[in-house]
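Report on the following structure.
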Amino acid sequence: MRLIFTVLEAHDLPKLHSFRPTNPYVEVECCGVTARSSPVKNSRSPKWLDAQFHFDISSPEDLLIVAIMDKCMGTDKVLGQITVSVQSVCQQTKKQGSSRLRLKDSGPASILIVQAKLLEKTLPDCSSPSALKPTTPVSSSSNLTSPLPHVGSGSAMAPDPEPEPDGEFEHRASSPPAPVGIRRGFSMCSNQVLGTLETLGAELNELEAEVAALEPSDRDDIGKLFGTIEKLLLTRIDAVATSDLSTGQQQARTERKMLVVRAQKLLDRLSELRGLGA
């Protein structure tokens, strides 16, 4: 299962030093993996734009260890921390839209507002031929849209292909090209997953062009694109499962990782533009 854990904001963090500002950042540990956000400068009630973390977990009962740290010149200090189960945070998020956590080792009123969501990383049903679709549209007039007759069923065979120019028919008969969107040597499921990743990559190409054209003053467009890209990352890219692929697994993992990096770079750029326009 894939856990998406987001720390939205904190309130009333303690001030550890009277002579310097508080610069809090988030540090989360889950299933042996630790991740951090960037610090928010000079704030005891920070709101983070990059505190979204992805973890592969084995059970909803796995634990999250969340710490709010103060970025210092020397050793960073703990502003507050809490240990909570994935299940409890997901349940509160589902019921209330977010979960409010009271920090320990912190101020008396210090709280953390978070969200958590579990994604079941499942593969499409590959038992049905309809699970494998071309990655590019097929014209409605094409014979590819017509069902192929089942050999031995007594139905008529498909019509003969158009005559080929001299020298081409023999070559194609010995090595027929793969249909659009299908990669030779890969299973049906692998082709489905790789086709999905290809489609997502094309969508990111368009989003990258839109983000590149933005100015800090385009606040509405920045907000809309941030939501669109975040939804694409959380509900579609992260939902692509590769662990059960029998062929093409490494290629699919590499392509998905590249898409995650591209999407995160776009979110970082939009956060930067939002800050410049503030």
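Separation of the alpha carbons by more than 27 angstrom is noted, of LYS117/LYS224; LYS95/LYS224; LYS15/LYS224; LYS15/LYS95; LYS117/LYS257; LYS47/LYS117, for LYS15/LYS224; LYS15/LYS95. Under the criterion of Cα pairs below 8 Å and six or more residues apart, the relative contact order for the range 1-124 equals 33 percent. Here the simple spin-label model places points 7 Å from the Cα toward Cβ, and for HIS17 and GLU120 these points are separated by 5.0 nm. Ligands, DNA and RNA left out, the accessible area of the range 1-56 computed with a 1.4 Å probe is 47% carbon and sulfur. Legend: calculated FRET efficiency, ASN42 to GLU272, from the Cβ-Cβ distance at R0 = 25 Å, rounded to 0.05, equals 0.85.
When you filter the GluC sites (Glu not before Pro) in the range 1-98 for DSSP loop state and at most 14 other Cβ atoms inside 10 Å of their Cβ, you are left with GLU61. Indicate the gyration tensor shape class of the range 200-242 (rounded, prolate or oblate), computed on the Cα atoms with a ≥ b ≥ c the square roots of the eigenvalues: a/c under 1.5 is rounded; otherwise a/b larger than b/c is prolate and the rest oblate. Verdict is oblate for the range 200-242. Here r is the Cβ-Cβ distance between VAL33 and LYS77 and R0 is 25 Å; the resulting FRET efficiency, rounded to 0.05, is 0.65.
Remark: the range 27-86 carries a charge dipole of roughly 460 debye about the Cα centre, counting +1 on each Lys and Arg Cβ and -1 on each Asp and Glu Cβ.
Rolling a 1.4 Å probe across the protein heavy atoms gives the range 51-108 an accessible surface of 56 Å² per residue.
The values are calculated or read from the model by the stated rules, or taken from the named source; none is laboratory data. Here the structure is a predicted model, which means the values were calculated and not measured. Glycine also receives a Cβ, built like all others from the backbone with ideal geometry; neighbour counts cover every protein chain displayed. Accessible surface areas use protein heavy atoms only, side chains included; no ligands, DNA or RNA. Shrake-Rupley method; radii C 1.70, N 1.55, O 1.52, S 1.80 Å.
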